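Contents: one structure, followed by commentary.
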């Protein structure tokens, strides 16, 4: 989970505050000390922590908090505000150049995830109906160009590569020329990873930047970076003047130090966060939502957006109709499973629900394979069986189990689950015209 | 030779030194008394070096105890006290001999982007130059072009590689490689794996399967499992070490990217809490930029 350690520590601190009807200065001192430790353990930069805690202290010791009827809540609100502003306050949008090509340059240390992010970003931009070119400027790492080509192919973006040319500055210039000639809207330059203390390679970046005049120079930074994150960001910013940051690997159980430090130190917004291995796993970074996730208040907005983006509206209407007419079949069930899968891991989704912090979710081990198994079972049925499950007798069950590599028990379980959901739907659709009665939610 | 290694490691740690030793010197020189303020400053320096809160506390408490007990006031002695506390932690679990018994199979694991593939090239190069015959297994079948990347390295180093297409089951690649290494009488087989975040259960299960396949070959091979850690990473590296150790019982750690300005301070809490020895450190992009980790030297250079 994102910010796992930090999140649970802060929530523990707040629990103590919430229980109190009145807060003394001592309570607040104690709480801020705990917040300080939690942040330090989360790799937040030492200097950032110091000023953060100072701000909290000043605001929390203000008269209106101590006299308030719900002082605990007030403190939480203050921490929430401060966390939000620490991460940049307002969400930043990736603006396209009003005329001509939008040029984006990705930079960062080795292994920060630039190439993967380039692909994810191309996919994201394509959704805005833009024609995107990926330019492979990493001539150093073996097979880096090939990697971008494969990824470009996966997201359906053209890749400009020149395996003969060894000078990334020349490649960049040629790529830009190519993009202009072929009417691309956006070109993304994937540069080689480099250490911020490597003079020669940093100067090369300066050269590339001069030649292609990017609208956006974006630093990719690994969310798991330690105290060093700040130095890295500052040096890159000094040398080539960044316009924004993308946090990668935020789906690790990172304690988020980099996320919380980099924006405040450089004053540059965090544009996106990489949230998984799939090329669609790139999220717009909302400081306020991230703050509430850290404080265990969930992130309903992202959840809703995810659901909207991944569910096909037409299909949803169709499904509703089927539920109403009670003609919901296993075929529909299968489609639903596929849509659930598209939304990402079930655990990730659960974590966005308010109150469903790490602790609440403890012990709930969602077996993602269950979905795959169910799909396999349905796939092993004939169309007739899918539309009319009642014909599935013992022999058929045996055949389906063998075909899907499962056991007869698994087939039984699925059929039973399906019957139950059908019953549940009956209750739902019956609600309008029948008397309201209590109904249970049978589940799986 | 030893001198040379020391120099190289020293150069790579110059940045570390600047931020760590330099600051400690400054602190000791400017504060005459060793009071609360002194230790608070010291705490700041240690935390800024990614040593983590817990180990920082331990170092401070031990130092404080020794200074008070022996009534130390001399500036040089104070510094030496801090140094010896840190060195003792670094030296934990290092009193074993590092030789690898051939035929051996080495499984390389780690999160994404720490430098596993490059490290494998360096290891292969090192063993080859020691006269052993080495084989690589391209077990990262997930990341785009990872197989090609390892292939290019295999070619440069001049060692054979066993591979399959991207998307293939990594366990089957490892299995094939083990068979091949057995029949070709390979001394050392090094297996690459895809980078995986340690909190992804399904990926860790996949790793556990590969590990099992390798363990099954232990009648013929000595098995070693190394975790690759990025020196730039923060205390998250601690949970990486813990989780990977749980899944594949680690034999050692390889710390990469020490040529950056990263401090590698995470080694200290890792050794302190998990007792996993650090085998090698990566100090550059070249094939030869891999060195044995010498705890004494590391501590020495930090405080020189």
- Item | Members of the stretch B:183-208 that are away from chain A (no Cβ under 14 Å) and out of contact with any strand residue (DSSP E or B) (no Cβ under 9 Å at 6 or more places or on another chain) | B:183, B:185, B:208
- Note on the structure: Of the conditions (1) farther than 29 Å from residue A:185 by Cα; (2) modelled with pLDDT under 80; (3) touching a strand residue (DSSP E or B) at 6+ places or on another chain (Cβ under 9 Å), the single one that residue A:302 does not satisfy is (1)
- Note on the structure: So the helices (runs of 4 or more DSSP H) completely within the stretch A:22-73 holding 3 or more residues that are within 12 Å of chain B (Cβ to nearest Cβ) are A:25-41, A:46-60
- Mind listing whichever residues of the stretch A:241-251 are in a loop (DSSP other than H, G, I, E, B) and either surrounded by fewer than 24 Cβ atoms within 10 Å (Cβ to Cβ) or away from chain B (no Cβ under 13 Å) (or both)? A:241, A:242, A:243, A:251
- The number of residues in the stretch A:215-232 that are crowded, with 22+ Cβ neighbours inside 10 Å and away from every other protein chain (no Cβ under 12 Å) is 3
- Task: Identify all residues within the stretch B:288-302 that are out of contact with any strand residue (DSSP E or B) (no Cβ under 8 Å at 6 or more places or on another chain) and surrounded by fewer than 18 Cβ atoms within 10 Å (Cβ to Cβ); write none if there are none.
- Result: B:288, B:296, B:300
- Among the residues of the stretch B:234-253, is there at least one that is more than 19 Å from the chain's Cα centre (by Cα), without any contact (Cβ under 8 Å) to a residue 12 or more places away in the chain and in the same structural domain as residue B:108 (by the TED database)? no
- Task: Would you mind telling me which numbered condition in (1) farther than 21 Å from residue A:172 by Cβ; (2) within 14 Å of chain B (Cβ to nearest Cβ); (3) surrounded by fewer than 23 Cβ atoms within 10 Å (Cβ to Cβ) residue A:266 fails?
- Result: (2)
- Task: Take the residues in the stretch A:46-71 that are closer than 22 Å to residue A:289 by Cβ and in contact (Cβ under 8 Å) with a residue 24 or more places away in the chain, then tell me which one is surrounded by the fewest Cβ atoms within 10 Å (Cβ to Cβ).
- Result: A:55
- Note on the structure: Flagged in the stretch B:217-250 as touching a strand residue (DSSP E or B) at 6+ places or on another chain (Cβ under 9 Å), closer than 24 Å to residue A:230 by Cα and not in a loop (DSSP other than H, G, I, E, B), in numbering order, are B:228, B:229, B:230, B:233, B:236, B:237, B:240, B:241
- Query: When you scan the stretch B:152-162, how many residues do you find that are in contact with a strand residue (DSSP E or B) (Cβ under 8 Å, 6 or more places away or on another chain) and not in a helix (DSSP H, G or I)?
  - Reply: 4
- So which of B:253, B:276, B:214 is in a loop (DSSP other than H, G, I, E, B), away from chain A (no Cβ under 14 Å), buried (at least 20 other Cβ atoms within 10 Å of the Cβ) and touching a helix residue (DSSP H, G or I) at 6+ places or on another chain (Cβ under 8 Å)? B:276
- Applying the selection to the stretch B:152-182, what residues are within 12 Å of chain A (Cβ to nearest Cβ) and touching a residue at least 12 places away in the same chain (Cβ under 8 Å)? B:153, B:154, B:156, B:157, B:165, B:166, B:167
- Going through the stretch B:230-250 one residue at a time, which ones are under 19 Å from residue B:108 (Cβ atoms), in contact with a helix residue (DSSP H, G or I) (Cβ under 6 Å, 6 or more places away or on another chain) and at the interface with chain A (Cβ under 10 Å from one of its Cβ atoms)? B:232
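The values are calculated or read from the model by the stated rules, or taken from the named source; none is laboratory data. Here the structure is a predicted model, which means the values were calculated and not measured. Note that each Cβ is placed from the backbone with ideal geometry, even for glycine, and that neighbours are counted across all protein chains shown.
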